[in-house]
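The values are calculated or read from the model by the stated rules, or taken from the named source; none is laboratory data. Not measured: the values here are computed from a predicted model. Cβ: placed from backbone, ideal geometry, glycine included. Neighbour counts: every protein chain shown. Only protein heavy atoms, including side chains, enter the accessible area calculation; ligands, DNA and RNA are left aside. Shrake-Rupley method; radii C 1.70, N 1.55, O 1.52, S 1.80 Å.
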Amino acid sequence: MSKFRLTLLACAGALALGVAACGGSDSSSSSGGSGGGSAAQLGGTINGAGATFPQPVYQEWAARFQEQRGTTVNYQGIGSGGGIAQFTAGTVDFGATDSAMSDDELTAAQAKGRPVHVPTVLGAVTVPYSIDGVGKGLKLDGATMADIFLGKITNWNDPALKQLNPSMPLPSGDITVCHRSDESGTTKNFTAFLAAYSKAWASGPGSDKSVKWPTGTGAKGNDGEAACVKQNSGSIGYVEQAYALANNMSVAAVKNKAGSFVDPSLASASAAAQDLKIPDDLRFATIDAPAKDAYPITALTFLLVYQDMCKAGLDKTKARAVKAWLQYGEGAGQGVAKQLQYAPLPADLKAKADAKIAGLQCNGQSITVPAT
């Protein structure tokens with residue numbers, strides 16, 4: 001087992017802790033780019049909060065960034081809604097979300113300046129299940145999943161499930177739905193997929209970071225959601241792929257827009273970001289992407305900063321450290337992401353993210369970061 005996977009498993013068991021709890025022990029790896037004491041040290045501490053979806057990779061980045069730059073990154077996975085709220089309130093130096101800020105959220109944040117979305121990685125929102133006597137291989141489509149989460153399909157041997165899985169020995173047991181209880185970008189992405197294939201879902205619970213669930217048990221964070229599925233026989237839920245891998249969970253192949261049943265993987269998540277129209281503000285989603293090989297519930301996750309960080313309340317030292325942290329994520333961090341089963345950004349999107357970082361300012365002046 002690779003050191004990266006060992007790190008992932010250790011981090012998945014301690015996601016409620018700060019990022020300093022997980023270390024990048026493979027710091028000499030060329031893909032990690034830690035560089036030890038060869039880089040210009042910045043020191044200090046920067047604080048961020050938000051999505052749990054990318055928390056394993058942000059933890060690994062933070063450990064390596066600290067080795068490289070001497071800066072501690074305290075990142076708390078509290079959910080995308082909490083991350084946007086704290087970013088808007090100015091209680092953190094950067095926020096994180098798995099779904100781009102809405103127009104209303106942007107308006108609220110503009111009291112402190114112009115928010116900038118910096119996309120970081122892509123990841124699959126998997127659909128894990130725990131069915132006695134059934135292993136891997138379950139197939140699901142959007143309409144059937146919506147009916148499960150609406151409470152219309154309540155047993156595993158329902159005709160709709162048997163039609164999708166004719167050779168699978170599905171039992172007659174009840175289905176237990178697990179869903180997030182906190183405001184979550186993962187929830188917004190998952191419910192956006194359900195809404196695309198179910199008019200009843202679109203006109204009912206709808207798509208947002210928090211919805212009124214018709215049925216099921218709530219759990220906080222991707223780690224809590226994974227635990228809910230793992231601990232309840234007959235259950236189904238939705239979690240980022242790193243959490244499914246860390247817990248050795250069976251996950252469904254999901255039917256995509258092209259009509260193919262696709263397993264979540266690094267390659268199928270990458271395919272979801274190909275050939276998409278990218279707006280100038282980088283606020284877009286990769287859910288239900290049209291590519292033939294795309295996993296249809298692939299999320300793009302963002303870090304949030306203000307274009308002029310000093311006018312928003314940061315001092316020059318912190319603004320420089322935040323910019324360096326973003327540069328690390330878009331540079332050496334992309335290679336680290338692949339090792340943790342997050343898909344790196346495609347070249348065109350990465351170039352746009354780099355341009356956003358280059359344009360960050362402190363009191364109207366460009367921010368110079370010493371070279372590594």
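Computed over the chain, the P(r) tail beyond 31 angstrom holds 32 percent of alpha carbon pairs. For the chain, the dipole from Cβ point charges (+1 on Lys and Arg, -1 on Asp and Glu) about the Cα centre works out to 320 debye, to the nearest 20.
The length gained on full extension between residue 258 and residue 152, counted as 0.36 nm times the residue separation minus their Cα-Cα distance, comes to 35.6 nm. Residues whose amide H lies under 5 Å from that of residue 250, counting only those 5 or more places away or on a different chain, are 129; hydrogens are built 1.01 Å from N in the peptide plane. So, R0 is 45 Å and r is the distance between the beta-carbons of residue 40 and residue 172; what FRET efficiency does that work out to, to 0.05? Working from the Cβ atoms, E equals 0.10. With a simple spin-label model that places each label point 7 Å from the Cα along the Cα-to-Cβ direction, the separation between residue 315 and residue 363 comes to 1.2 nm.
If you find the alpha carbon centre of region 197-217 and of region 317-372, how far apart are they in angstrom? So the separation of the two Cα centres works out to 35 Å.
Toward the positive end of the charge dipole of region 256-372, with +1 on the Cβ of Lys and Arg and -1 on the Cβ of Asp and Glu, the farthest Cα among 369, 282, 301 is that of 369. For region 124-223, the residue among 133, 144, 193 whose Cα projects farthest onto the positive side of the dipole built from Cβ charges is 193. Calculated over region 170-256, the projected area of the Cα convex hull averaged across directions stands at 5.9 nm². Mean projected area of the Cα convex hull of region 151-295, taken over all directions, amounts to 9.4 nm².
For region 288-301, putting each phi into the Karplus relation 6.51 cos²θ - 1.76 cosθ + 1.60 with θ = phi - 60° gives couplings of 6, 5, x, 4, 4, 9, 7, 6, x, 10, 9, 9, 9, 10 Hz, in residue order, rounded to whole numbers and with x for Gly and Pro. Remark: region 115-124, residue by residue, has Karplus-estimated 3J(HN,Hα) of x, 10, 8, 10, x, 10, 8, 10, x, 7 Hz, where x stands for each Gly or Pro and the curve is 6.51 cos²θ - 1.76 cosθ + 1.60 at θ = phi - 60°. The stretch between residue 248 and residue 132 holds 40.3 nm of extra length on full extension. This uses 0.36 nm per residue minus the Cα-Cα distance.
Applying the criteria of a DSSP loop state and at most 15 other Cβ atoms within 10 Å to the trypsin sites (Lys or Arg not before Pro) of region 176-231 yields 212.
Only Lys, Arg, Asp and Glu carry charge here, each on its Cβ (+1 for the first two, -1 for the last two); on that basis region 79-135 has a dipole of about 200 debye about its Cα centre. Calculated from the alpha-carbon coordinates, region 86-127 shows an Rg and a Dmax of 12.0, 38 Å respectively.
Output the pairs from 199/255; 188/318; 318/352 with a Cα-Cα distance over 29 Å in this structure; if there are none, say none. Listed pairs above 29 Å: 188/318. Exceedance of the 19 Å cut-off in Cα-Cα distance is limited, within the set 112/350; 311/356; 139/292, to 112/350. The portion of the accessible surface of region 218-372 made up by carbon and sulfur, rounded to a whole percent, is 46 (1.4 Å probe; DNA, RNA and ligands excluded).
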